[in-house]
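Take a look at the structure set out below.
Computed from the coordinates by the stated procedures, all read-outs in this text should not be read as laboratory data. Keep in mind the model is a prediction, meaning the values are calculated, not measured. Cβ: placed from backbone, ideal geometry, glycine included. Neighbour counts: every protein chain shown.
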Amino acid sequence: MLKRRDFLKLTAAGGLISLTGTSAFAESSAKPRTRIVFLGTKGGPRIGLGRSNPANLIMVNNTPIVLDCGEGVSHQLVAAKVPLQSIKYILLSHLHSDHDLEYGNLAYNAWATGLKTPIHSFGPKGTEAMTKAYWEVNKFDIETRITDEGRPDLRKLLIAKDIDADGVVLKTDDVTITAFRTPHPPITDNFAYKFETADGTIVFSSDTEYNPKLGEFAKGCDVLVHEALYVPGIDGIMKKVTNGASLRKHLLAAHTTTEDIGRIAAIAKPKLLVLSHLVPGDNDSITDDQWLEGVRKHFDGKAIVAKDLMEVALPV
């Protein structure tokens, strides 16, 4: 039998985080109704052997909702023991490749494992066109497998919808999802998302420049997941790329520093702040304390740094 101290060691490595009065051991025996699984916590398109690229899973009453589809999202869902064919909804925050590169492939991989029910996807303008382009690229394979393997037509199972304004994009008996435009220069079609459930409210910032209005959008939420830029780590990125000067300018203009995240959290006052989409996310020498040092200058509430496959359960 798993001892309590052993389970606590697993949580530190990326398991279910206990943030309630219930013991971690008790939580291990029954999954909560609403939870976040951080599938990929590294920002940017580069592939490495550490953190996976941006992707998140929000489970609400056994309904899987995927937010962003960076490279590796299918593998991470399998690692999280989520059947790919069970995916019901996909959300894209914006159309940077580290957020959408495996969008079509996730639907395809679900189809390959037996998908028979529709997946509804939502994203900024261009999502519908990207979906149609994916069908064109993979037309031969899809039509061959429909005939040869007796599969349903995948093109009828992935139903894409562009988001063109702030507001509710999905409302079910279990969750209301609201989009909020936030700047990610030079991208303006870029959305943060709020998930309102019976267990509490979750807000994902998306990639964003420092935006105090985002704090207002997230005010009173239970969990705020915010992208994070650790400025002292930028120089390490520059040594790995050939476009260092331009990339540095983009990172500083389009993302939120850890100190500014603290300012956002001070406005929003979440019960729990989680840093994810870490830039740099492939530098293991940066400790959690270093990630949170800037945050602590302005926010003294609960705050943690996400790790791949870490889970946070609501209520926190």
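Within the straight-line cut-off of under 20 Å between alpha carbons, the aspartates and glutamates reachable from Lys139 are Asp100, Glu102, Glu128, Asp148, Glu149, Asp153, sequence neighbours fewer than 8 places apart in one chain being disregarded. Step through the table entries Lys213/Lys271; Lys161/Lys307; Lys171/Lys307; Lys132/Lys161, compare each Cα-Cα distance with 23 Å, and write down the pairs that go over it. Among Lys213/Lys271; Lys161/Lys307; Lys171/Lys307; Lys132/Lys161, the Cα-Cα distance tops 23 Å for Lys161/Lys307; Lys171/Lys307.
Kindly provide log₁₀ I(q)/I(0) values, in the same order as q = 0.18 Å⁻¹, from the Debye equation applied to equal alpha-carbon scatterers of the range 172-295. With no solvent term, the Cα-only Debye profile gives -0.93.
Note down the net charge around Pro45, summing +1 for each Lys or Arg and -1 for each Asp or Glu among other residues with Cβ under 15 Å from its Cβ. With Lys, Arg at +1 and Asp, Glu at -1, the neighbours total -4. Sorted on the mean count of surrounding Cβ atoms within 10 Å across their residues, most packed first, peptides 280-288, 52-60 read 52-60, 280-288. Specify the residue with the greatest mean-square fluctuation among Phe38, Phe140, Phe180, computed from a Gaussian network of the chain linking alpha-carbon atoms under 10 Å apart. Comparing Phe38, Phe140, Phe180 in the GNM, the peak value goes to Phe140. Taking the three principal axes of the alpha carbon atoms in the range 208-265, the coordinate ranges are 42, 15, 14 Å, sorted in descending order.
Computed over Cα pairs, the Kirkwood radius of the range 31-314 leads via Stokes-Einstein (1.002 mPa s, 20 °C) to a diffusion coefficient of 112 µm² per second.
Electrostatic tally near Gly123: other residues with Cβ closer than 12 Å to its Cβ, Lys and Arg +1, Asp and Glu -1, net -4. Here the range 112-164 was treated as a single set of alpha-carbon atoms; its pair distances binned every 10 Å from 0 give 24, 50, 23, 3 percent.
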